[in-house]
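The values are calculated or read from the model by the stated rules, or taken from the named source; none is laboratory data. Remember, predicted model here, so these are calculated numbers, not experimental data. Using ideal geometry, Cβ is built from the backbone for each residue, glycine included, and neighbour counts are taken over all protein chains shown. For accessibility, only protein heavy atoms count, side chains too; no ligands or nucleic acids. Shrake-Rupley method; radii C 1.70, N 1.55, O 1.52, S 1.80 Å.
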Amino acid sequence: MATIAFPEILISCGPQSNSTPTATIPKPRKGASIRLLQWTSFVKPADAEFKRQAAEWGDANGVTVAIETVTGDQLQPKTAAAVEANSGPDIIQMQYGWPQLYTDACLDVSNEVNILIGKLGKPDTVNEAFCKVNGTWRAIPYTVVPNAWTYRTDYFGQAGVTSFPTTWDELAAAAAKLKTTGKSISQTDGHAYGDSLTMWNPVLWGYGGKEVNADGKTVAINSKETRDAIRWAQGAVKNGFVVHPEWLDPDNNQAYHADRISGTLNGASIYIREKIEFHKYTDVTNNAPMPSGPKGTFAMNLIFNHAVMKWSPDAETARAMLLHVMEKDQYQKWTMIASGYNAGPFEALHNDPVFATDPKLKAFQDVVAPGKWPGWPALPSKKTAQAQTQFIVADMFAKALANGGTGDMEAAITAAETSLKAIFERP
């Protein structure tokens, strides 16, 4: 076993794990075979590059590496099934707070994270909050998929909207103007693991609402602030902001590429695919960060981290492979090919050169820093992860926004409160 010395580093957010003066460098076993399960990126060349890097490393070390990619909607049931069976991929890509849900199935990877901290600096707060469970790293920070607004500058100009709104009130007003073009600003309020969560949680926070207090125990959804957030959303829908409870994460992408909408909240994939694949609306597409509410500017991004699973017969080999793909030069080869869809989760991976290749990508950089997590201001936990996977906040907004924004707000809040209490306030 090789060891590496690194300075004691304190990192923010939540309980600190104990630092040690040395870390053990994992060594791959020649002849090993490992399997990694992760989502299918909306930027296809990114998956090809990740698989290329994994195969290159495998060839150099005599290891067979199989990368299985599935849609984001398939990732959770496949992960849950593997945990239930205590068998499956050696590495699973964890979305949001899954390390909190599947803690017992995820090996302690503090050694590997400490190696990365020594090389790359402090990890991002959100990745750390998701990966660290009771002071122990249960996943290795992997990536941030920033969500910002992609919109058609030509339709906005036709409607007399000269720039993308900077407040939620301005967005509601702009929605009324865009309605006259027949190309609405549109978003899901359904069970889309990315776009729905990254829309409605920031709206709630922007008006001061929250699911639970910082103690992670006291449900706080039934509040004036929540009602303010819902009233804004109802007013926006009545103005012409169109919500789609039936949309999953691919649907707003398809609507934009089909020239059916003027703007939507999404990862950079809509813009990237226009630029490198479709070439229809590239010149009239721009991107903008999240608007502000009365309580400030909030964002929520899609976060992925890698866990080494307890049933892996070659866990050390799996650890070694994950360290390789997080090496700065390897990682930034991948982010460059991903064309700005992904941001790195460590300090040394900030200011990635890919974001300097196109000024229209700046919005996606801008939403990383204000990013929070489901359940904020409580720290991520098994309970916040359960609330997130049940889409409680999105469902609350969807119920209140039914029938053109005339849904029963009080019934929606009561239903959310009941669901949250069943999670947070049970013994």
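One table, with the values for the structure above:
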| quantity | calculated |
| --- | --- |
| Residue check for L248: of a type in the set (A, V, I, L, M), in contact with a helix residue (DSSP H, G or I) (Cβ under 8 Å, 6 or more places away or on another chain), farther than 30 Å from N114 by Cα and open to solvent by 40 Å² or more (accessible area, probe 1.4 Å) | yes |
| Filter pass, K399 being more than 22 Å from V243 (Cα to Cα) and open to solvent by 10 Å² or more (accessible area, probe 1.4 Å) | no |
| Total residues in the range 339-361, condition surrounded by 15 or more Cβ atoms within 10 Å (Cβ to Cβ), touching a strand residue (DSSP E or B) at 6+ places or on another chain (Cβ under 9 Å) and in contact (Cβ under 8 Å) with a residue 60 or more places away in the chain | 9 |
| Any hit, the range 138-147, residues being assigned to a helix (DSSP H, G or I), in contact (Cβ under 8 Å) with a residue 60 or more places away in the chain, open to solvent by 30 Å² or more (accessible area, probe 1.4 Å) and of a type in the set (D, E, K, R) | no |
| Members of the range 223-256 found to be over 15 Å from I413 (Cα atoms) and of a type in the set (A, V, I, L, M, F, W, C), listed by number | A236, V237, F241, V242, V243, W247, L248, A255 |
| Close pairs from the range 373-387: first under 10 Å from F424 (Cα atoms) and open to solvent by less than 20 Å² (accessible area, probe 1.4 Å), partner at pLDDT 95 or above and assigned to a helix (DSSP H, G or I), Cβ under 8 Å, at least 6 apart | T384/Q100; A387/V393; A387/S419; A387/L420; A387/I423; A387/F424 |
| Residue that is most open to solvent (accessible area, probe 1.4 Å), among those in the range 209-219 that are out of contact with any Gly (no Cβ under 8 Å at 6 or more places or on another chain) and of a type outside the set (S, T, Y) | K217 |
| Any hit, the range 380-391, residues being part of a helix (DSSP H, G or I), β-branched (V, I, T), out of contact with any Gly (no Cβ under 9 Å at 6 or more places or on another chain) and at pLDDT 95 or above | no |
| Test: A369 is surrounded by fewer than 20 Cβ atoms within 10 Å (Cβ to Cβ) and modelled with pLDDT under 95 | yes |
| Positions within the range 122-167 being basic (K, R) and either within 23 Å of the chain's Cα centre (by Cα) or on the phi > 0 side of the Ramachandran plot (or both), in sequence order | K122, K132, R138 |
| Unique residue being within 26 Å of Q365 (Cβ to Cβ), among the hydrophobic types (A, V, I, L, M, F, W, C) and surrounded by fewer than 19 Cβ atoms within 10 Å (Cβ to Cβ) when the list is I303, I276 | I276 |
| Residue match in the range 150-167 (condition: open to solvent by less than 20 Å² (accessible area, probe 1.4 Å), under 30 Å from K383 (Cβ atoms) and at pLDDT 95 or above) | no |
| Test: residue in the range 181-191 that is open to solvent by 10 Å² or more (accessible area, probe 1.4 Å) and under 23 Å from the mean Cα position of the chain (by Cα) | yes |
| The range 76-95: number of residues that are crowded, with 19+ Cβ neighbours inside 10 Å and either in a strand (DSSP E or B) or modelled with pLDDT under 95 (or both) | 5 |
| Single match in W205, W200 (criterion: outside any strand (DSSP E or B), touching a helix residue (DSSP H, G or I) at 6+ places or on another chain (Cβ under 6 Å) and surrounded by 22 or more Cβ atoms within 10 Å (Cβ to Cβ)) | W200 |
| Cβ-Cβ under 7 Å pairs, at least 6 apart or on other chains, the range 43-63 side without any contact (Cβ under 8 Å) to a residue 24 or more places away in the chain, far side not small (G, A, S) | D47/T40; D47/T69; K51/I67; A55/V65 |
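Yes/no matrix, rows are residues, columns are (1) assigned to a helix (DSSP H, G or I); (2) surrounded by 22 or more Cβ atoms within 10 Å (Cβ to Cβ):
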| site | (1), (2) |
| --- | --- |
| T24 | no, no |
| I34 | no, yes |
| S41 | no, yes |
| K51 | yes, no |
| I67 | no, no |
| D73 | yes, no |
| D108 | no, no |
| N111 | yes, no |
